[in-house]
Amino acid sequence: MFKNFRNKFNKMFSHDIGIDLGTANTLVYLRGRGIILNEPSVVALNQKTGTVVAVGTQAKEMLGRTPQHITAIRPLVDGVISDFEVTEEMIAYFLNRAQADGRKFLGPRVVIGVPSGITNVETRAVRDATKNAGAREVFIVEEPMAAAIGIRLPVMEPVGSMIIDIGGGTTDIAVISLGGVVTFKNLKVAGDKLNNDITAYIRGEFKILIGEKTAEYIKIAIGTVLAGETPLEAVIKGRDLVTGLPREVVITDADIREATSQSIDTLLEAAKEVLETTPPEMIADVMNRGLYLSGGGALIRGLDTMLREYLKIPVHIAEDPLTAVARGTGVILENLPKYFEVLIQNEDDLPPAR
Ligand SMILES: Nc1ncnc2c1ncn2[C@@H]1O[C@H](COP(=O)(O)OP(=O)(O)OP(=O)(O)O)[C@@H](O)[C@H]1O
Ligand SMILES: [Mg+2]
């Protein structure tokens, strides 16, 4: 009865908003509407005036292309807030846009995803940044849990569900049962690390310097962890380290494989470790039901097959893997009472430091 009233009250006077605050992309879910924003987590600042010049897609276009007094910043690194003030500005900007068609009486209630294994201090930073950005109430959920909910795994049931969310900054590997994370591992080997691997390899092998965007572009265009019958190629432009002049080279999928093989091995190894520390009953569940891949890294060509062969269990790529966490925050918003226990309520309820 009271809950009903509370829900109606909330609908009338405030928005309910879900946020996937990712290292690479921020997605915003508006209750009753779905995902209404999906933009890179980038902010461009004017250093002279200290003001925000652009946020999201517009700001990402500026990465590596700004005049001296403008800097384009990615305020989250490795899944964690590295620049608190800029993160706050970014959240405020997205919250404002989410409420653009009719601001309500009260600030929004916000469900926001954080990487698993985040420290209390980091959780607090996310909570404070979201509050300062105008949220009335903030509910925090671990990203792998949100992803699992987003792809409708039976997280509240006594069944082991395994998820690997490979984002830009972090990979979260978790086995979930009865609304809780049973075993997990969080590593800073994800999309950004692969981009860096590629940049370093091309610098070493071809003696040319490429930017972050180019590295990401070739990773997505020709990267595959398994060799196919026909090689994939891409022509890239960079700066010759010797002459200092622009130069073109042809890169193949074999180059990308070589560049990223160590990081991919680290991922496989970590997934195996999580399985090895999972209680037997739940291993049986995972063997029957398979593991699910989400996040942008789920789209790395051949990774599903490689995991299947390495772990000897079925592997599924989540439908629309890049939006799984945001959709999960949406499902939570639509059923807050049901999912209350999966939320990290406040610092006092946090699990002991890990
Ligand atoms: N088709 C693809 N193949 C390989 N990688 C991809 C593909 N599409 C996107 N990615 C990578 O996925 C990453 C972004 O994924 P996602 O949006 O899930 O990350 P995020 O949620 O912002 O980061 P995090 O969860 O670590 O905070 C980027 O590194 C991007 O390069
Ligand atoms: Mg993510």
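Coordinate-derived values only; no laboratory data. Given the structure is predicted, the values throughout are model-derived calculations rather than measurements. Note that we place each Cβ from the backbone using ideal geometry, even for glycine, and neighbour counts take in every protein chain shown.
How large are Rg and Dmax for the stretch 191-259 when calculated on the C-alpha trace, in angstrom?
Expressed in Å, the Cα Rg and Dmax of the stretch 191-259 come to 11.4, 36.
Whole-Hz ³J(HN,Hα) for each residue in the stretch 196-207, computed from phi via Karplus 6.51 cos²θ - 1.76 cosθ + 1.60 with θ = phi - 60°, x for glycine and proline: what do you get?
The phi angles translate into 5, 4, 5, 4, 5, 5, 5, 5, x, 7, 10, 6 Hz.
Show me, for the stretch 238-243, the HN-Hα J-couplings you get by feeding each phi into the Karplus relation (A = 6.51, B = -1.76, C = 1.60, θ = phi - 60°), rounded to Hz, glycine and proline as x.
x, 9, 5, 6, 8, 8
Can you compute log10 of I(q)/I(0) for the chain with the Debye formula, treating each Cα as one identical point scatterer, at q = 0.07, 0.08, 0.09 Å⁻¹?
So the normalised log intensities are -0.32, -0.41, -0.52.
Before rounding to the nearest 500, sum -39500 (n - 2.57) across all DSSP H runs of length at least 4 in the chain and divide by the residue total; then give [θ] at 222 nm in deg cm²/dmol. Show your work: numbers first, answer last.
Numbers: 12 runs with 139 residues, N = 354.
After summing the helix terms and dividing by residue count, I get -12000 deg cm²/dmol.
Name the GluC sites (Glu not before Pro) in the stretch 213-317 that are in a loop by DSSP and that have at most 11 other C-beta atoms within 10 Å, would you? Walk me through the intermediate numbers first.
Details: sites: Glu216, Glu229, Glu233, Glu248, Glu258, Glu269, Glu273, Glu276, Glu281, Glu309; in loops: Glu229.
Taking the stretch 213-317 and a limit of 11 other Cβ atoms within 10 Å, the loop GluC sites (Glu not before Pro) found are Glu229.
Once you sort the root eigenvalues of the Cα gyration tensor of the stretch 106-229 as a ≥ b ≥ c, which label holds: rounded (a/c under 1.5), prolate (a/b larger than b/c) or oblate (the other case)?
It comes out oblate by the Cα gyration axes.
Identify, among Tyr292, Val111, Thr170, the residue whose Cα sits farthest towards the positive end of the charge dipole of the chain, taking +1 on the Cβ of Lys and Arg and -1 on the Cβ of Asp and Glu, with the dipole about the Cα centre.
Result: Val111.
Of Gly244, Tyr201, Thr230, whose Cα points farthest to the positive end of the dipole of the stretch 191-259 (charges on the beta-carbon: +1 Lys, Arg; -1 Asp, Glu; origin at the Cα centre)?
Checked the options; the winner is Gly244.
Please list, ordered by chain and number, the residues whose modelled amide H lies under 5 Å from the amide H of Ile140; skip anything fewer than 5 residues away on the same chain.
HN-HN under 5 Å from Ile140: Ile112, Ile344.
Amide H to amide H, which residues 5 or more places from Val189 or on other chains are under 5 Å from it, using H placed in the peptide plane?
Thr171
Comparing Ile166, Ile256, Ile313, which has the greatest mean-square fluctuation in the GNM of the chain with Cα pairs linked when under 10 Å apart?
Ranking Ile166, Ile256, Ile313 by mean-square fluctuation puts Ile313 first.
For the stretch 16-21, what does the Karplus curve 6.51 cos²θ - 1.76 cosθ + 1.60, with θ = phi - 60°, yield as ³J(HN,Hα) per residue in whole Hz, taken in order and with x for Gly and Pro?
Each residue of the stretch 16-21 in turn: 10, 10, x, 10, 9, 7 Hz.
Run through the stretch 8-73 and list the chymotrypsin sites (Phe, Trp or Tyr not before Pro) located in a DSSP loop whose Cβ has at most 15 other Cβ atoms within 10 Å. Before the final figure, lay out each step's value.
Working: sites: Phe9, Phe13, Tyr29; in loops: none.
When the chymotrypsin sites (Phe, Trp or Tyr not before Pro) of the stretch 8-73 are filtered for loop state and at most 15 Cβ neighbours within 10 Å, nothing remains.
Where Rh denotes the Kirkwood radius from the mean inverse Cα pair distance, what is Rg over Rh for the stretch 220-324? Working shown, then result.
Values: Rg = 17.6 Å, Rh = 15.9 Å.
For the stretch 220-324, the value is 1.11.
Full extension from Met156 to Lys213: what is 0.36 nm times the residue separation minus their Cα-Cα distance, to one decimal in nm? Could the numbers behind the result be given before it?
Working: separation 57, 0.36 × 57 = 20.52 nm, distance 3.96 nm.
Taking Met156 through Lys213 to full extension adds about 16.6 nm, to one decimal.
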